[in-house]
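Structure, as structure tokens:
The values are calculated or read from the model by the stated rules, or taken from the named source; none is laboratory data. Not measured: the values here are computed from a predicted model. In this analysis, Cβ positions are derived from the backbone assuming ideal geometry, glycine residues included, and neighbour counts consider all displayed protein chains.
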Amino acid sequence: MHIKDLAERSGVSVKAVRYYESRGLLAPTRAANGYREYDDADVVVVREIRALLSLGLTADETVPFVECLRAGNDRADVCPSSLDAYRLRIAEIDKRIDELSRLRGELSELLTDAENYPSLNEEKP
């Protein structure tokens, strides 16, 4: 199938397909006329990439999942490297949650302090 067909079947733009190819996530064959040719396995790969990107993974972080599919697995997340990628992303999210919780606490303290500042509670002449 051609790039436009892959994009339509996968629910992404042609530009996205080209981007995935530039990142090494897709390796189409070339027809005699130079056109890219994709197969049904590429549809599965692009859908997986799109799903992983929607979870906040970067294109580079999808590599283990793509490799897992390319190795002939029915799922992209059954390989040890895919599981490691999940664990890493979860750890990053946990770290960000901790950072945001700390910032929220600091801001709440500042707000409470500012609300209780004497000049806000004094009557204006």
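Return yes when R87 is over 28 Å from D5 (Cα atoms) and under 15 Å from the mean Cα position of the chain (by Cα) and no when it is not.
When the stated conditions are applied, R87 passes them.
Condition first: out of contact with any Pro (no Cβ under 8 Å at 6 or more places or on another chain), surrounded by 12 or more Cβ atoms within 10 Å (Cβ to Cβ), without any contact (Cβ under 8 Å) to a residue 40 or more places away in the chain and not in a helix (DSSP H, G or I). Can you find one or more residues in segment 78-94 that meet it?
yes
Does segment 59-77 contain any residue that is over 24 Å from R18 (Cα atoms), outside any helix (DSSP H, G or I), touching a helix residue (DSSP H, G or I) at 6+ places or on another chain (Cβ under 8 Å) and modelled with pLDDT of 95 or more?
No - not one qualifying residue is present in segment 59-77.
If I filter segment 46-56 for residues that are within 20 Å of H2 (Cβ to Cβ) and either out of contact with any Leu (no Cβ under 9 Å at 6 or more places or on another chain) or of a type in the set (S, T, Y) (or both), do I get at least one hit?
Yes, segment 46-56 contains a residue that is within 20 Å of H2 (Cβ to Cβ) and either out of contact with any Leu (no Cβ under 9 Å at 6 or more places or on another chain) or of a type in the set (S, T, Y) (or both).
Restricting attention to segment 1-50, and to residues there that are hydroxyl-bearing (S, T, Y) and either part of a helix (DSSP H, G or I) or touching a Cys at 6+ places or on another chain (Cβ under 9 Å) (or both), which single residue is surrounded by the most Cβ atoms within 10 Å (Cβ to Cβ)?
Y20
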